[in-house]
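Encoded as structure tokens, the structure appears first; notes follow it.
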Amino acid sequence: MKILHVINVRWFNATAWYALTLAKLQKQHGHDVRIITIKGTDTDTKAKALGFTPLYINLTTSNPITLIRSFYQLRSLIASFKPDIINCHRGEAFILFSWLSLFYPFALIRTRGDQRVPKKNWVNTLLHKYCADAIISTNTKMTTILESSFGLEQGSVYTILGGVDVHTFVFSHEGRERIRTLYNIQEDECLLGVLGRLDWVKGQKEIIKSVANIIQKENIKIKLLLIGFSAGIEQEEVERWIREHAMEEIIYVTGKCDNVVDYISSLDIAILSSLGSETIARAALEIMSCNIPLLATNVGVMPDLIPEELLMKLPDTKEDIIALFASAIIEHVHNKERREALITAQQKSMPQLTEEYFYEVTQSAYTNARKKKMNARKICE
């Protein structure tokens, strides 16, 4: 297949990761894959590192002259490349490609890996219900929202969760010992870890308060690694929270690290303390692949990965969230059976979370979309 991915995402977030992982897999399987990115962005840099030569067409402009120029650039690209599939991973260019799909035989895919609920209006209904040849959602919650918002038939949206490289994300005994030595973790100490960018939605502030409350009230030997880098919150701000609770000897911020597998392997319990987001849970997939028990909130895609009864159900108030985190940590530190239950559930999910499975189910959706497009053109002819 000839495939064009439209990844106009500035930051290398989960949406960009999902799209580039898919593009990489398709290229490895022999497909002719092209990518549109925003020049000079993190996503652009990552695409180049994967061996792609990105194309640059301004799809995020509100300037009508620039928009017209972009339209003609897209038309020229489609005429020369002749793609079988165009996949829009964000909505800005969706309307342009919808218009172009009236004149060219490519199948148009809209992949929604964004946590924001789409606006329920006639334009979005037209685009999703009649212009897209297939819609891909990255979790069941978003699938339900899309079907109900735009009057789509149940089952018409493909729910494809993404995939992790299970050959790279493998538990490392050597990495575990190295990181635990680096942070002076003793044999009788339970090491907790939160993997993800430093951002308000990731719940780092709440988890710091939870651990501080546990240490004050419980005779329990725990330490916490915050494995991530500055994004919505600067690392200095997070370190200030730690000092305010006098937790400098208990909680550590790693900053950006290249050897993520070693850090994951060092943990006894991983925590996904997200207060929202996780429409695509890259960190969760990597932790699960390393076979570390993952204690997670019930946001985004998480109920698709782990049974709901094993997830932390987020309450409404900040104080209740902190109490929830504290009680869940204490229970899982003391209860080996709870940790083993998480591992068992994760192992059952993993066969559907590999890169190869991700590729296969997506290609099936692409093939169906392509057939739908060809059948529609035959009817029109």
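The values are calculated or read from the model by the stated rules, or taken from the named source; none is laboratory data. Nothing here was measured: the structure is a model prediction, and the numbers come from that model. Note that we place each Cβ from the backbone using ideal geometry, even for glycine, and neighbour counts take in every protein chain shown.
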* Asked: THR317 is checked against (1) surrounded by fewer than 22 Cβ atoms within 10 Å (Cβ to Cβ); (2) of a type in the set (Ser, Thr, Tyr); (3) under 16 Å from VAL194 (Cα atoms) and fails just one. What number does that condition carry?
  -> (3)
* Asked: Which residue, of LYS46, LYS120, LYS82, LYS129, is among the charged types (D, E, K, R), in the same structural domain as THR362 (by TED's automatic domain parsing), touching a residue at least 12 places away in the same chain (Cβ under 8 Å) and in contact with a strand residue (DSSP E or B) (Cβ under 8 Å, 6 or more places away or on another chain)?
  -> LYS82
* What are the residue pairs meeting all of these: first residue in the stretch 150-178, first residue without any contact (Cβ under 8 Å) to a residue 40 or more places away in the chain and hydroxyl-bearing (Ser, Thr, Tyr), second residue surrounded by 15 or more Cβ atoms within 10 Å (Cβ to Cβ) and in a helix (DSSP H, G or I), Cβ atoms under 7 Å, and 6 or more apart or on different chains? -> SER156/GLU147
* Asked: Taking only pairs six or more apart or across chains, which ones have beta-carbon atoms under 7 Å, a first residue in the stretch 281-307 that is over 16 Å from THR15 (Cα atoms), and a second residue that is among the polar types (S, T, N, Q) and not in a helix (DSSP H, G or I)?
  -> THR297/SER273; THR297/SER274; VAL299/SER274; VAL299/SER277; ASP304/ASN139
* **Residue ID - nearest to the chain's Cα centre (by Cα), chosen from residues in the stretch 6-65 that are closer than 25 Å to GLY300 by Cα and among the β-branched types (Val, Ile, Thr)** => THR15
* Qualifying position, being surrounded by 13 or more Cβ atoms within 10 Å (Cβ to Cβ) and among the hydroxyl-bearing types (Ser, Thr, Tyr), among THR43, THR53 -> THR43
* Search the stretch 325-345 for residues that are assigned by TED's automatic domain parsing to the domain that holds ILE269 and pair each with any residue that is among the small types (Gly, Ala, Ser) when their beta-carbon atoms are under 6 Å apart and the residues are at least 6 apart or on different chains. => PHE325/SER210; ALA326/SER210
* Which one of the conditions (1) small (Gly, Ala, Ser); (2) assigned to a helix (DSSP H, G or I); (3) surrounded by fewer than 14 Cβ atoms within 10 Å (Cβ to Cβ) does GLY151 fail to meet, given that it meets all the rest? -> (2)
* Asked: Can you name the condition, by its number, that ASN121 falls short on among (1) more than 13 Å from LEU146 (Cα to Cα); (2) surrounded by fewer than 16 Cβ atoms within 10 Å (Cβ to Cβ)?
  -> (1)
* To do: Identify the single condition in (1) under 27 Å from GLU356 (Cβ atoms); (2) in contact with a Ser or Thr (Cβ under 9 Å, 6 or more places away or on another chain) that LYS313 does not satisfy, given that it satisfies every other one.
  => (1)
* Only one of LEU102, LEU59, LEU20 is in a helix (DSSP H, G or I) and out of contact with any Gly (no Cβ under 9 Å at 6 or more places or on another chain); which? -> LEU20
* Determine whether ARG34 is over 25 Å from ASN368 (Cα atoms) and touching a helix residue (DSSP H, G or I) at 6+ places or on another chain (Cβ under 9 Å). => no
* Asked: Do you know which residues across the stretch 253-279 are more than 20 Å from the chain's Cα centre (by Cα), hydroxyl-bearing (Ser, Thr, Tyr) and crowded, with 21+ Cβ neighbours inside 10 Å?
  -> SER265, SER266
* Asked: When both residues are 6+ apart or on different chains and their Cβ atoms are under 6 Å apart, which pairs have a first residue that lies in the stretch 225-242 and is in a loop (DSSP other than H, G, I, E, B), and a second that is at pLDDT 95 or above?
  -> none
* Hey, can you tell me all the residues within the stretch 362-373 that are surrounded by 17 or more Cβ atoms within 10 Å (Cβ to Cβ) and at pLDDT 95 or above? => THR362, GLN363, ALA365, TYR366
